[in-house]
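As structure tokens, the structure follows; a few thoughts come after it.
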Amino acid sequence: MNEALLVLGMALVTFLIRYPMLAIVGRLQLPDWLIRALRYVPVAVLTAIIMPIMLLPNGELDLRPSNAFLVGGIAAGIIAWRTKNLLLTIVLGMAIFLLWRALIGG
Amino acid sequence: MPATRRSEFLIGMKDTFPLILGAIPFGIIFGALAINAGLSPAATMGMSLFVFAGSAQFIGAGLVGQGASLGVIVLTTFVVNLRHVLYSASLGPYMKRLSQVWLLPLAFWLTDETYAVVIRHYQREDDSPYKHWYYFGSSISMYVNWNLCTLIGILAGQRLEGLATLGLDFAMVVTFIGILVPLLVSRPMLLSALVAGVVGVLANGLPNKLGLMLAAVCGIAAGMLAEALTRQPPSEAIPLKQAAKQEMP
């Protein structure tokens, strides 16, 4: 495979997704409903990324306590909720995940 | 103290620091995996330098390893990165006054992490004219870090084969939870997350992360519906001054 073409192709499509809206949207008068819809983007996208990883770590629904992704994720959620501290959530969440996996998970 | 270019730039870097920690294992694993998948060090580095999209790079390298064609990989990259349309549309209204000199690099540097940090900053009520410097500080630190970590991964090569199974893949989950949870302050927001999560799990089998887009769209629709029914727009539910106090560390 031509690697230069591969990198160029990937770079081009990625940029063509990122750039147009950023450049155009502010210069257009957007309908009110669309502006309201865009407020939900971070919440909806982030949840849609993490929930499958937590609940289906191996491609199948796993609600057992041995699922460290689920346990660690719930723990991190509680820490984030109580402290609102991102760094603390990351460090403690990782620690709980690794510990749980070493002690209980496969 | 009024915001200056310099202060915005530095705060942008500081607010992004925890996300950089979360991205370090990914960058290193990407470098190592791409080499193992058969990409040359130059192409691996080229992806991080010119594509700069973590999950698309992972999938791209994986597809190279499976012998996929160039067209399939580029198309997959497109679909995997589609969520950035939502990000850039959401940031777009704040980019009104910026020239192309700013727009082109800021668009190139748009990632999940930078979006999550920067959109909070833009939504604050202060009228700093230099918020694009905050975006710049956030994105340049993500970019430099990602490329350094890729380089380390390339150099470490095969010795890191076991890293992915060590559970560092959980770093992304925990990072996103830390960003997400403080945003869940109104019922429409909660419902939006719930629906996006459930649909995301149910649609997980769809190829090329299409399930992610479907879940995001359903989540957004659910939030808007709840908002229309309860007449509780998120802007009223989140007093902006209070949100500003919840500074990231």
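The values are calculated or read from the model by the stated rules, or taken from the named source; none is laboratory data. Everything numeric in this text was worked out from a predicted model, so none of it was measured. So basically every Cβ, Gly included, is an ideal-geometry build from the backbone, and we count neighbours across all protein chains shown. We work out accessible area using only protein heavy atoms, side chains counted, and drop any ligands, DNA or RNA first. Shrake-Rupley method; radii C 1.70, N 1.55, O 1.52, S 1.80 Å.
Angle check, please: helix B:187-202 long axis (alpha carbons) against the longest principal axis of chain B (alpha carbons), in degrees 0 to 90, nearest 10.
For B:187-202 against chain B, the angle is about 20 degrees.
What angle, in degrees between 0 and 90 and rounded to the nearest 10, separates the Cα long axis of helix B:70-80 from the longest principal axis of the Cα atoms of chain B?
20
Can you put A:Arg36, B:Arg120 in order of accessible area, largest first, using a 1.4 Å probe?
Correct descending sequence by accessible area is A:Arg36, B:Arg120.
Any idea how far the Cα center of region B:69-129 sits from the one of region A:12-34, in Å?
Taking the Cα centre of each part, region B:69-129 and region A:12-34 sit 9 Å apart.
Helix A:86-103 against the longest principal axis of chain A: what's the angle in degrees, Cα atoms only, rounded to the nearest 10?
Around 50 degrees separate the two axes.
Heavy atoms only, 1.4 Å probe, whole protein assembly: order A:Asp62, B:Asp126 by accessible area, highest first.
Output order, biggest surface exposure first: B:Asp126, A:Asp62.
Which ³J(HN,Hα) values in Hz, rounded to whole numbers, follow from the phi angles of region B:97-114 under the Karplus curve 6.51 cos²θ - 1.76 cosθ + 1.60, where θ = phi - 60° and Gly and Pro get x?
In residue order, the calculated couplings are 8, 7, 7, 4, 4, 8, 4, 4, x, 5, 5, 4, 8, 5, 10, 3, 5, 4 Hz.
Compute the separation of the alpha-carbon centres of region B:132-151 and region A:43-83 and state it in Å as a whole number.
About 27 Å separates the Cα centre of region B:132-151 from the one of region A:43-83.
Going from most exposed to least, what order do B:Glu227, A:Glu3 have by accessible area with a 1.4 Å probe?
I get A:Glu3, B:Glu227, largest accessible area first.
Counting only protein heavy atoms and rolling a 1.4 Å probe, how much accessible area do A and B lose on contact, total for both sides, in Å² to 100?
Summing both chains' loss of accessible area gives about 6800 Å².
Leaving out ligands, DNA and RNA, and with a 1.4 Å probe, what % of the accessible surface on chain B is carbon or sulfur?
So the carbon and sulfur contribution to the accessible surface is 69 percent.
Roughly what would the spin-label model give for B:Asn36 and A:Leu99, points 7 Å off Cα along C-beta, in nm?
Label-label distance for B:Asn36 and A:Leu99, simple model: 2.9 nm.
Nearest 500 deg cm²/dmol is fine: what mean residue ellipticity at 222 nm does chain B get from its DSSP H runs of n ≥ 4 alone, each adding -39,500 (n - 2.57), divided by its residue count?
-22500 deg cm²/dmol
What are the ³J(HN,Hα) couplings of region B:46-60, residue after residue, when phi is run through the Karplus curve with 6.51, -1.76, 1.60 and θ = phi - 60°? Round to Hz, x for glycine and proline.
Using θ = phi - 60°, the values come out as x, 4, 5, 6, 10, 8, 6, 8, x, 5, 5, 5, 4, 5, x Hz.
For chain A, give the percent of accessible area contributed by carbon and sulfur heavy atoms, probe 1.4 Å, rounded to a whole number.
70
In a Gaussian network model over chain B where Cα atoms closer than 10 Å are linked, find which of B:Gly60, B:Gly71, B:Gly31 has the largest mean-square fluctuation.
Most flexible of the set in this elastic network: B:Gly71.
Send over a whole-number figure in Å² for the accessible area per residue of the protein assembly as shown, probe 1.4 Å.
So the protein assembly as shown comes to 45 Å² accessible per residue, rounded to a whole number.
Would you check the protein assembly as shown for Lys pairs whose C-alpha atoms are within less than 23 Å, ignoring same-chain pairs closer than 8 in sequence, and give me the count?
10
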